[in-house]
Amino acid sequence: MKRFLLAMEIWGLLFVVCTVLALLCFRSLDVPTAVVFWKISRFLHPLNKPFGAPILLAIEAVVVVVLILARLVRGHLSLLAETIAVACLASICAYDINSQVLKPFFGVPNPTAVMHGAKHALHLWRGSGHSSFPSGHMVLAGALAGVFMRVYRVSIWPLSALLSLAAALLIVGDWHFLSDIIAGTFLGLSAGILAGQGWVVHKNLPPSSR
């Protein structure tokens with residue numbers, strides 16, 4: 001119980017820090033940063049299709065189905081395969097919640113819309129899955145990485161580096177604002193670590209209790 005309370009305190013502190021950072025970026029840095037990269041962002045736009053959310057979600061779904069079939073045929077999966085399945089499912093679920101609930105709720109226009117005259121502001125309950133805040137790509141990647149970070153602690157630094165690279169590309173390519181990245185990363189990692197912790201607890205239960 002003490003470890004749980006400590007974890008919740010740390011999560012709450014990080015939530016406050018990320019919220020403050022996101023608010024500061026939203027008010028002062030989002031649009032100026034987008035303007036800086038607007039002219040060069042077009043060079044990254046060919047990445048839209050191969051790295052679009054539908055393609056990434058489809059890949060994750062196929063991976064999950066393949067692993068389920070392998071489990072049915074072989075009767076078991078390795079810890080790595082189980083972790084991959086849990087990570088993909090956490091990623092898909094977190095992305096869907098973000099797209100169907102959070103983005104429509106906040107209703108923040110994406111950088112392209114803002115560069116063409118839309119106001120960078122909250123439009124509560126007037127958004128859609130194409131809105132900007134929080135970043136769906138960072139939710140997707142963060143949830144996937146979060147599961148591995150919890151199950152395989154050695155992966156924390158390499159995955160953190162990859163997430164940082166993804167965040168930088170999303171900003172330079174003007175796909176997202178700084179505040180989107182902060183919120184999406186926090187949301188994704190929170191979902192992934194929670195899913196990973198749940199899976200670790202399940203694996204440590206005696207067979208009779210599962």
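Summary of values
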quantity: Subset of the stretch 175-210 that is under 19 Å from residue 83 (Cα atoms) and among the β-branched types (Val, Ile, Thr) - its residue that is modelled with the highest pLDDT; calculated: 193
quantity: Residue selected from the stretch 20-39 under the condition without any contact (Cβ under 8 Å) to a residue 60 or more places away in the chain and assigned to a helix (DSSP H, G or I), by the criterion surrounded by the fewest Cβ atoms within 10 Å (Cβ to Cβ); calculated: 32
quantity: Of all residues making up the stretch 127-163, the number that are of a type outside the set (A, V, I, L, M, F, W, C), under 21 Å from residue 33 (Cβ atoms) and part of a helix (DSSP H, G or I); calculated: 3
quantity: Qualifying residue in the stretch 60-69 (condition: assigned to a helix (DSSP H, G or I), farther than 15 Å from residue 182 by Cα and touching a Phe, Trp or Tyr at 6+ places or on another chain (Cβ under 8 Å)); calculated: no
quantity: Any chance residue 61 is over 21 Å from the mean Cα position of the chain (by Cα), over 30 Å from residue 33 (Cα atoms) and at pLDDT 90 or above; calculated: no
quantity: Among the residues listed as 196, 184, 188, the single one being more than 21 Å from residue 17 (Cα to Cα) and open to solvent by less than 50 Å² (accessible area, probe 1.4 Å); calculated: 196
quantity: Residue 105 among the aromatic types (Phe, Trp, Tyr), under 22 Å from residue 142 (Cβ atoms), open to solvent by 30 Å² or more (accessible area, probe 1.4 Å) and in contact (Cβ under 8 Å) with a residue 60 or more places away in the chain; calculated: no
quantity: Residues of the stretch 108-125 satisfying the condition of being of a type outside the set (A, V, I, L, M, F, W, C) and either exposed (fewer than 13 other Cβ atoms within 10 Å of the Cβ) or within 20 Å of residue 171 (Cβ to Cβ) (or both); calculated: 109, 110, 111, 112, 116, 117, 119, 120
quantity: Residue in the stretch 164-174 that is open to solvent by 20 Å² or more (accessible area, probe 1.4 Å), assigned to a helix (DSSP H, G or I) and within 19 Å of residue 12 (Cα to Cα) present; calculated: no
quantity: When residues of the stretch 99-126 are limited to those that are assigned to a loop (DSSP other than H, G, I, E, B) and of a type in the set (A, V, I, L, M), the one farthest from residue 41 (Cα to Cα); calculated: 124
quantity: Answer from 70, 81, 118, 85 - the residue that is under 22 Å from residue 38 (Cβ atoms) and free of Cβ contacts under 8 Å to residues at least 24 places away in the same chain; calculated: 118
quantity: Residues of the stretch 59-69 satisfying the condition of being under 24 Å from residue 149 (Cβ atoms) and open to solvent by 40 Å² or more (accessible area, probe 1.4 Å); calculated: 59, 61, 62, 63, 66, 68
quantity: Output for the stretch 70-101, where each listed residue is crowded, with 20+ Cβ neighbours inside 10 Å and either in contact with a Phe, Trp or Tyr (Cβ under 8 Å, 6 or more places away or on another chain) or on the phi > 0 side of the Ramachandran plot (or both); calculated: 83, 86, 87
quantity: Checklist (1) hydrophobic (A, V, I, L, M, F, W, C); (2) open to solvent by 20 Å² or more (accessible area, probe 1.4 Å); (3) within 27 Å of residue 44 (Cβ to Cβ); (4) modelled with pLDDT of 95 or more applied to residue 138, failing item; calculated: (2)
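The values are calculated or read from the model by the stated rules, or taken from the named source; none is laboratory data. Being a predicted model, the structure only gives us computed values, none of them experimental. Note that we place each Cβ from the backbone using ideal geometry, even for glycine, and neighbour counts take in every protein chain shown. Keep in mind that these areas ignore ligands, DNA and RNA; they rest on the heavy atoms of the full protein, side chains included. Shrake-Rupley method; radii C 1.70, N 1.55, O 1.52, S 1.80 Å.
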